[in-house]
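Peer 1: Sending over a structure as structure tokens; questions will come in a sec.
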Amino acid sequence: MSDNLQDAYVLHIRNYRESSGLIDFLTRDSGRITLLAKGYKSARKSSVRSSVQAFRKLSINWRGRGELKVLASAEETSSSIKLQDTGLLSGLYLNELMSRLLPVQDPNPELFDLYEKSLLSLTVNEVAIEPVLRQFEIQLLEMLGYGLEFSLAADGAKIDNNAIYNYIAEQGPVLVINRSGSGIIVKGETLTSLANRQFDDPVVIRESKHLMRYILSFYLGKKPLKTRELFNYL
């Protein structure tokens, strides 16, 4: 049983039958996995239920040889990460994003570390939330093999800070001649700032948010993110 002992964070929990739950975990060495937590909602499992919550670093173990493995144990290994208000909603957004985009059982320790680092950044008082989210979104897509090009236009030319581009998913920035067609309009200055991971300018922050929303929608499909809808009420 100890062969499956791993660090993990909860990404999503959903009900399964009368008393059990299906839990999506992000693990360090096995990537995203879904485990059956038998009797998760029963009174005798209350200690497990209190530990298995979002933003708590856990040590989990599972058993089984079938497609759906069973959660055998879950213990908290460190203090829970305290998120509040917009930081809490941002953390839930990261969880939903990974639940939707990550393939099953695709190990990526670097992503695990990025997620943990991002959560800790969201706990800092008065932290600028948008740069944390943009950094995570860009690195997540890169780690999944969807590398984004911000330094060069689709034709190979260097980005001109004074120009306007039409960013087209899976193609990259195209110098604007007219504003018709698919994609999203973005300034060259914003693309350069994204390439350098600089988010100091309000215009860059605003444009990069709309750009990443467009790019992520391409990979997420038509089903909207629930947490993104909640941001509209803040």
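Computed from the coordinates by the stated procedures, all read-outs in this text should not be read as laboratory data. Keep in mind that this is a model prediction, so the values were computed, not measured. Virtual Cβ from ideal backbone geometry, glycine too; neighbours counted across all protein chains shown.
Peer 1: Could you list 218, 136 in order of exposure, starting from the residue whose Cβ has the fewest other Cβ atoms within 10 Å? Don't skip to the answer; put the middle values down first.
Peer 2: Details: 218 12, 136 24.
Ordered from fewest to most neighbouring Cβ atoms within 10 Å, 218, 136 come out as 218, 136.
Peer 1: Distance in nm between label sites at residue 214 and residue 124, each 7 Å beyond Cα in the beta-carbon direction?
Peer 2: Roughly 3.0 nm, to one decimal.
Peer 1: Another one. Between residue 80 and residue 223, what is the FRET efficiency for a Förster distance of 35 Å, r being their Cβ-Cβ separation, to the nearest 0.05? Before the final figure, lay out each step's value.
Peer 2: On the way: r = 30 Å, r/R0 = 0.84.
Here the calculated transfer efficiency is 0.75.
Peer 1: Let me check against my output: what whole-number percent is the relative contact order of the chain, with C-alpha pairs under 8 Å and at least 6 apart? Can you show the working numbers first?
Peer 2: Numbers: 378 pairs, mean separation 33.9, N = 234.
Contact order relative to length: 15 percent.
Peer 1: Just need the relative contact order of the stretch 98-181 here, percent rounded to a whole number, with Cα pairs under 8 Å and 6+ apart. It would help to have the intermediate numbers written out before the result.
Peer 2: On the way: 53 pairs, mean separation 14.4, N = 84.
Taking the mean separation of contacting Cα pairs over the length of the stretch 98-181, I get 17 percent.
Peer 1: To the nearest 500 deg cm²/dmol, what mean residue ellipticity at 222 nm is calculated for the chain from DSSP H runs of n ≥ 4 alone, each contributing -39,500 (n - 2.57), summed and divided by the residues?
Peer 2: Result for the chain: -11500 deg cm²/dmol, rounded to the nearest 500.
Peer 1: If you don't mind, there's one more thing I want to ask. Past 22 Å, Cα to Cα: identify those pairs from 117/187; 41/69; 158/187, in the order given. Before the final figure, lay out the partial values.
Peer 2: Details: 117/187 30 Å; 41/69 18 Å; 158/187 13 Å.
Among 117/187; 41/69; 158/187, the Cα-Cα distance tops 22 Å for 117/187.
Peer 1: Exposure proxy check: 112, 25 ranked by fewest other beta carbons within 10 Å?
Peer 2: On the way: 112 19, 25 24.
Listed from fewest to most nearby Cβ atoms, that is 112, 25.
Peer 1: Helix 129-143 versus the longest principal axis of the chain: what angle, 0 to 90°, nearest 10, using Cα atoms?
Peer 2: Once rounded, the angle reads 80 degrees.
Peer 1: Please determine, in degrees from 0 to 90 and to the nearest 10, the orientation of helix 85-101 with respect to the longest principal axis defined by the Cα atoms of the chain, where the helix direction is its Cα long axis.
Peer 2: Helix 85-101 sits at roughly 90 degrees to that axis.
Peer 1: On a 0 to 90 degree scale, rounded to 10, what angle separates helix 202-220 from the longest Cα axis of the chain?
Peer 2: Approximately 60 degrees, to the nearest ten.
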